[in-house]
Amino acid sequence: MEFVEVTVDGAVALVRLNRPPVNALSEEFAAELHQAFTQCQDPSIRAVVVTGQPHFAAGADIKGFKEVLDAGGDETPAERLRDAIQVLDDLAKPTIAAIHGFALGGGCELSLGCDFRYVAEDSKIGQPEIILGIIPGAGGTQRLQRVIGYQKTKELVLTGRHVGAEEALAIGYADKVLPTDSVLETALADAAEWATKATSAIGEAKTVLAAGHGAPLADGIAAEKAAFARSFQSEDVMEGVDAFIEKRSPEFKGR
């Protein structure tokens, strides 16, 4: 792949965005992200870190927007990125966005496809599409409000303003704010720790949490009931219970 590099260390995959200088998200870039996240479905990969330096991703390639507008047609520039982020969101394992510099527009949307966001102290976050006369198109209006709430999302989307790291932490977007030189190191260390956990149960928990968010309580309980039954048949639960009884550390396999 030209713009995305995937490396695997043990059970942790690192997906690195590499389109200098700011990782502007083109159609080709989005297609490679889709390929990379599909690769991360491999069950031997039990945690994923997504990063880009010096900027996570500063948004869409606006020159590509111009080409699409001039060409006409029904497909919008957000289609491929939206699909790629959905693959990331659906991964049945922990995912962390290690954010340096700008995570704007499509870059912010990409980070929202991860379970957690570790943010460098000098980072800027936002959905500035409104200044182009459009709105977020790769899930930003929906995923962002599920993370930081409806009213704050409305304010950020309608103003297009950038948020610094400390405000990102205060409003719930960032899970950790870290010095720039330790963001990726911390994300990889935490991912390696998660990769030793019961990945099968983590995947079920992610599915149920997503299914129940905003749904009637009865629907969420029903989803939890089904997922619990599935997890109770896993190899991981047998290992977890045996380890607890035998007073030893479990050795989960993610199955």
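Points worth noting:
- Considering the chain at the alpha-carbon level, its Rg and Dmax are found to be 18.9, 67 Å.
- Debye intensity ratio I(q)/I(0), log10, region 105-196, q values 0.15, 0.18, 0.21 Å⁻¹ (C-alpha model): -0.57, -0.78, -1.00
- Put simply, the C-alpha atoms of region 146-197 give a gyration tensor, and the ellipsoid matching it has half-axes of 27, 14, 7 Å, longest first.
- For region 160-168, 3J(HN,Hα) per residue [Karplus equation, 6.51 cos²θ - 1.76 cosθ + 1.60, θ = phi - 60°, Hz, x = Gly/Pro]: x, 6, 8, 10, x, 4, 5, 5, 4
- Taking the centroid of alpha carbons for each part, region 196-255 and region 9-45 are 27 Å apart.
- Here the dipole of the chain is about 540 debye; that uses its Cα centre as origin and unit charges on the Cβ of Lys and Arg (positive) and Asp and Glu (negative).
- Once the chain from residue 92 to residue 185 is taken as fully extended at 0.36 nm per residue, the excess over their C-alpha distance is 31.2 nm.
- Share antiparallel - DSSP beta bridges, the chain, percent rounded to 5: 25
- Local electrostatic count at residue 126 - Lys and Arg +1, Asp and Glu -1, tallied over other residues with Cβ under 15 Å: 0
- Among the listed pairs 176/197; 93/152; 93/253; 154/206; 93/197, those beyond 19 Å (Cα-Cα): 176/197; 93/152; 154/206
- Efficiency of FRET from Cβ geometry, residue 213 and residue 159, R₀ 30 Å, rounded to 0.05: 0.75
- Rg/Rh (Cα only; Kirkwood hydrodynamic radius) as it applies to region 112-163: 0.95
- Relative contact order (%) - region 133-205, alpha-carbon pairs under 8 angstrom, separation at least six: 20
- Projected label distance in nm at residue 135 and residue 241, using a 7 Å step from Cα toward the beta-carbon: 4.8
- Derived scalar couplings between HN and Hα for region 83-100 equal 5, 5, 5, 5, 4, 4, 4, 7, 4, 8, 7, x, 9, 10, 8, 9, 9, 10 Hz in order, rounded to whole Hz, by the Karplus curve 6.51 cos²θ - 1.76 cosθ + 1.60 (θ = phi - 60°), x for Gly and Pro.
- Ranked packing of 154-165, 113-124, most packed first, by mean Cβ within 10 Å: 113-124, 154-165
- Put simply, the amide H of residue 25, placed in the peptide plane, has neighbours under 5 Å in 59, 60, 61, leaving out anything fewer than 5 places away on its chain.
- Residue-averaged 222 nm ellipticity for the chain, from DSSP H runs of 4+ at -39500 (n - 2.57), nearest 500: -14000 deg cm²/dmol
- P(r) for region 167-255, from all Cα pairs and a bin width of 10 Å, is 15, 29, 32, 22, 2 %, short bins first.
- 3J(HN,Hα) couplings calculated from phi for region 3-20 with the Karplus curve 6.51 cos²θ - 1.76 cosθ + 1.60 (θ = phi - 60°) are, in sequence order, 10, 10, 10, 10, 10, 10, 10, x, 9, 10, 9, 10, 9, 10, 7, 9, 10, x Hz; Gly and Pro show x.
- Counted charge near residue 196, where neighbours are those whose Cβ lies closer than 9 Å (Asp, Glu -1; Lys, Arg +1): 0
- Proximal lysines relative to residue 63, as straight alpha-carbon distance under 25 Å, when same-chain residues fewer than 8 apart are discounted: 124
Every read-out reported here was derived from the displayed coordinates using simple, explicitly stated rules and does not represent laboratory data. From a predicted model like this one, the values you see are computed outputs, not experimental measurements. Because the Cβ atoms are built from the backbone with ideal geometry, glycine has one as well, and the counts that use them run over all protein chains shown.
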